[in-house]
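Participant: Let me give you the structure first, and then I'll get to my questions.
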Amino acid sequence: MGQTGDTVPIAELLDERRHLLNVAYWMLGTRPEAEDAVTETYRRWYGLTDAQRAGITETRAWLTRATGTICLARLPLSERRSANAGGEDAETATELDGALTEEVSDVLLDALDTLPPAERAAFVLNDVFAMPPQTVADIVGQTPRECADLADRARHSLRASRAHPTTPQQHDRIVRAVRRACATTDATRLAALLAPDATAFFDGGGKVRALSRPVHGNQHVGRALLTLLTPRPHTTLHLRSANGRTAIVVRHNDQVAAVIGFDVTDHHVTHVWAVLNPDKLRAWNRSHTLTDERSTQDD
């Protein structure tokens with residue numbers, strides 16, 4: 001680089017690096033490994049010729065793909081957080097953006113560690129960073145359809161990893177209380193229903209302007225849910241079975257606009273899975289019957 005035409009505002013450079021660190025951290029699980037992967041990404045960037053760099057129209061996209069590819073190759077060998085204890089690793093960790101520790105709980109990283117590398121990569125790139133399907137496919141080395149299947153399997157595994165013997169009746173009671181708190185915009189009650197390390201995922205599929213990254217912590221998740229489900233004309237909240245458990249179904253003008261599932265452990269919500277992708281809601285909109293739903297007015 002080094003030419004005036006290649007100069008980028010410092011804020012943009014810092015944001016770019018933080019984005020790459022976030023991608024690497026979610027995929028590898030430790031700050032030292034994330035730092036090392038991003039360093040390798042920039043080494044590859046500067047290893048390109050001037051002509052090669054000039055031919056790259058979306059620098060951030062290229063860097064993200066490079067980071068994802070580097071991390072995917074390192075996943076089978078990674079010891080992740082076990083190496084992050086004191087010494088040089090701890091010093092490196094303190095230099096990274098503190099937001100990383102706020103966004104990802106150790107519990108979720110432990111669950112991610114159990115996934116096969118391809119599933120973890122597909123889930124992180126698709127659900128956490130909402131990358132285009134073709135970009136995910138380029139990194140993982142499979143077709144977009146195969147990557148979508150990998151992400152689906154990862155979601156199922158993550159939900160199963162947090163599964164406890166919560167009865168359907170207990171689950172239903174908690175979800176009913178969540179719906180009531182959202183309908184009445186009771187932030188205090190909603191936060192109390194969420195586990196301190198609760199995480200919410202919002203799947204917009206790039207088709208609606210949903211949050212593209214997970215929200216972590218009961219206060220942040222609560223605010224996100226209240227914002228998403230704030231009462232509006234022609235918008236109603238219903239309860240319906242999804243994947244065998246009670247979920248909140250949001251209808252706008254009699255069309256299903258979102259299906260929100262919950263994982264419940266020890267009487268608190270641990271994960272929120274909000275599907276807003278119109279493609280994934282087609283089956284819900286094929287039938288307009290509400291015979292097995294209970295509206296908020298029934299509460």
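Participant: Does any residue of the range 226-244 turn out to be surrounded by 17 or more Cβ atoms within 10 Å (Cβ to Cβ), modelled with pLDDT under 85 and in a loop (DSSP other than H, G, I, E, B)?
Facilitator: no
Participant: Tell me the residue from Thr236, Thr227 that is assigned by TED's automatic domain parsing to the domain that holds Ala200 and in contact (Cβ under 8 Å) with a residue 60 or more places away in the chain, please.
Facilitator: Among Thr236, Thr227, only Thr236 is assigned by TED's automatic domain parsing to the domain that holds Ala200 and in contact (Cβ under 8 Å) with a residue 60 or more places away in the chain.
Participant: Select from the range 75-103 the residues that are outside any loop (DSSP other than H, G, I, E, B) and under 21 Å from the mean Cα position of the chain (by Cα) and write down the one among them that is modelled with the highest pLDDT.
Facilitator: Leu75
Participant: Yes or no: the range 149-168 includes at least one residue that is hydrophobic (A, V, I, L, M, F, W, C) and over 23 Å from Val269 (Cβ atoms).
Facilitator: Within the range 149-168, one or more residues are hydrophobic (A, V, I, L, M, F, W, C) and over 23 Å from Val269 (Cβ atoms).
Participant: I need the full set of residues from the range 40-63 which are outside any helix (DSSP H, G or I) and either surrounded by 14 or more Cβ atoms within 10 Å (Cβ to Cβ) or among the aliphatic types (A, V, I, L, M) (or both), in order please.
Facilitator: Leu48, Ile56
Participant: Still on this structure, I have one more. Report every pair of residues separated by at least 6 positions or lying on different chains whose Cβ atoms are under 6 Å apart, first residue within the range 1-18 and assigned by TED's automatic domain parsing to the domain that holds Ala34 and surrounded by 10 or more Cβ atoms within 10 Å (Cβ to Cβ), second at pLDDT below 60 and part of a loop (DSSP other than H, G, I, E, B).
Facilitator: Arg18/Asp97
Participant: Residues being over 23 Å from the mean Cα position of the chain (by Cα) and modelled with pLDDT of 85 or more: count how many of those fall in the range 284-299.
Facilitator: Number satisfying all stated conditions: 1.
Participant: State the number of residues belonging to the range 138-148 that are surrounded by fewer than 20 Cβ atoms within 10 Å (Cβ to Cβ) and of a type in the set (A, V, I, L, M).
Facilitator: 1
Participant: While we're looking at this one, here's another question. For the range 245-274, name all the residues that are acidic (Asp, Glu) and either part of a strand (DSSP E or B) or within 16 Å of Ala183 (Cα to Cα) (or both).
Facilitator: If the condition is that a residue be acidic (Asp, Glu) and either part of a strand (DSSP E or B) or within 16 Å of Ala183 (Cα to Cα) (or both), then Asp263 is the only one that fits.
The values are calculated or read from the model by the stated rules, or taken from the named source; none is laboratory data. Remember, it's a predicted structure, so these values are computed and weren't measured experimentally. Here Cβ is always computed from backbone atoms with ideal geometry, including for glycine, and neighbour counts include all displayed protein chains.
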